[in-house]
Every structure is written in C-alpha cells, then in structure tokens.
Amino acid sequence: MMCADFAKIVTEVATLDKAGIDIYHMDIMDGNFVPNMALGAADFKAIRLLTKKKMDAHLMVQTPQNFIDLFVNLGADIIYIHPEADQIPTATLKKIKDLGAAPGIAVNPGTTVASIEPLLNLIDYILVMTVNPGFAGQPYLDFVNDKIKTLTYLKKKYSYKVVVDGAISPEKITELSILGVDGFVLGTSALFNKDEDYPEIIEKLRTSIEEGKH
C-alpha cells in the first residue's frame, strides 16, 4: 500500500477489495533501518477500519521487538521482521505467535539463507526482497532467484509460505510461480498507476499464476 493514493484511500481500498486481493501489505519504515520513511501506525489503522481482509505489517524498523504489541493490537494478521534489526529474533517471532499473529521474516537481497535457516522452524511466512528495501520503482535483482529456489525447496521441510516483494511484474509472477512462490507483493510494476482498473489487473495476474503452475 506504499504505492496507493492516500488522498483517496477509501476508494482505493473499496476497489482493491472488489478486485479480490488477498491481503494488504503495509511497509512500515522508520528512516533508520532503511533510508526512507513510509507507512506508520496511523496509516495501518486507517486501512484496518476500511477492510475485513487480512493485513500484514512489514517492519522495516530498528528494534522491531518494540513494535509487536502495537501492530498486533492494530489488527495485523502477519508481522514480518528483519532478523538483523532485532537483538533476539527468536524471542520476537515467538511473541508474535503467542499474541495470535503469524510470524514472518523478511530477507534482504544481501542476506544469506544460511544466516536465517535457524529461524525457519519458527515462521509461517518468509518475505524475500527482490530489491533493496526502502524505495519503490527499483529494478528486479535477478541474482535473488537462486535464494528463492533454495527457500521454496526448504519450505517442504519447515512448512512456511514464500512471498516475494520488489519489482514484481506480470512476467515475474509467471516465472516465480514456476519456482514455487506462494505470494506476490504488488506495487508500481504490476498494479498501481496503470491504465486498467484493479479488478481487470488482478484477474490477469491470477491467470499468470495459473500459467506458471502448469
């Protein structure tokens, strides 16, 4: 939702709901862990009041453990943390689950699978960043595909879902569906600022996913 038009957020959410999206992805940035400030608690609350669909909180913040209670209380269904920003990520992931939300980790392009594998048995979701976090409109980093292949293979052992985030175009959705990716965060590469309306775009993207599975 970082790419949505907040000047008409009521219409944006209503149209996205009608289009049949699965979840609202909220990029929470503190200007510290990433060099940008984006959505915050007030933005999350505003959208939570407008929809009954699931919402996640992608905490691109330093010390995410300090914000878990806040976003659970605001109604987050999934909370992603960046392990390198947390002093004790195992405890934070357990807290997310204990409070009734689904725990997830976000993996930056430069973060190795080996460094986060000890956490894989604690999560329900893994968000693989295919651009450097912080800004919309960046090019897709193809070298991350090797990491995606490894993580989709490992999910059979650990039982989590793989979601990708960053420059996700219709072509990438087809390509990554073949690799076993479960979910796609949509921004300006596929959904926002297009000539077509949201329902038409979403229908075409779902077709892309089915094509990738077959």
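The values are calculated or read from the model by the stated rules, or taken from the named source; none is laboratory data. All figures in this text were calculated on a predicted structure; none of them were measured in a lab. Note that we place each Cβ from the backbone using ideal geometry, even for glycine, and neighbour counts take in every protein chain shown.
Summed over segment 151-168, residues that are surrounded by 14 or more Cβ atoms within 10 Å (Cβ to Cβ) and over 15 Å from the mean Cα position of the chain (by Cα) total 5. For segment 122-133, the set of residues classified as modelled with pLDDT under 95 and either surrounded by fewer than 18 Cβ atoms within 10 Å (Cβ to Cβ) or touching a helix residue (DSSP H, G or I) at 6+ places or on another chain (Cβ under 8 Å) (or both) consists of N132 only. Restricted to segment 1-105, the set of helices (runs of 4 or more DSSP H) holding at least 2 residues that are out of contact with any Phe, Trp or Tyr (no Cβ under 7 Å at 6 or more places or on another chain) and of a type in the set (K, R) comprises 41-48, 89-98. Here is the figure for segment 64-77: residues that are surrounded by fewer than 24 Cβ atoms within 10 Å (Cβ to Cβ) and in contact with an Asp or Glu (Cβ under 7 Å, 6 or more places away or on another chain) total 2. Residues in segment 7-41 that are of a type in the set (A, V, I, L, M, F, W, C), under 19 Å from the mean Cα position of the chain (by Cα) and loosely packed, with under 15 Cβ neighbours inside 10 Å: M37 alone.
Filtered by the rule that a residue be among the hydroxyl-bearing types (S, T, Y) and over 18 Å from F33 (Cβ atoms), segment 88-129 gives T90, T112, Y125.
Hey, any hits in segment 203-213 for a residue that's closer than 21 Å to V34 by Cβ and either surrounded by fewer than 14 Cβ atoms within 10 Å (Cβ to Cβ) or out of contact with any helix residue (DSSP H, G or I) (no Cβ under 9 Å at 6 or more places or on another chain) (or both)? No, that holds for no residue.
Table: residues versus (1) free of Cβ contacts under 8 Å to residues at least 12 places away in the same chain; (2) surrounded by fewer than 22 Cβ atoms within 10 Å (Cβ to Cβ).
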position: I81; (1), (2): no, no
position: D86; (1), (2): no, yes
position: A102; (1), (2): no, yes
position: A106; (1), (2): no, no
position: P109; (1), (2): no, yes
position: A114; (1), (2): yes, yes
position: E117; (1), (2): no, yes
position: L120; (1), (2): no, yes
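In the set (1) in contact with a helix residue (DSSP H, G or I) (Cβ under 7 Å, 6 or more places away or on another chain); (2) over 14 Å from I28 (Cα atoms), A102 fails one condition alone, (1).
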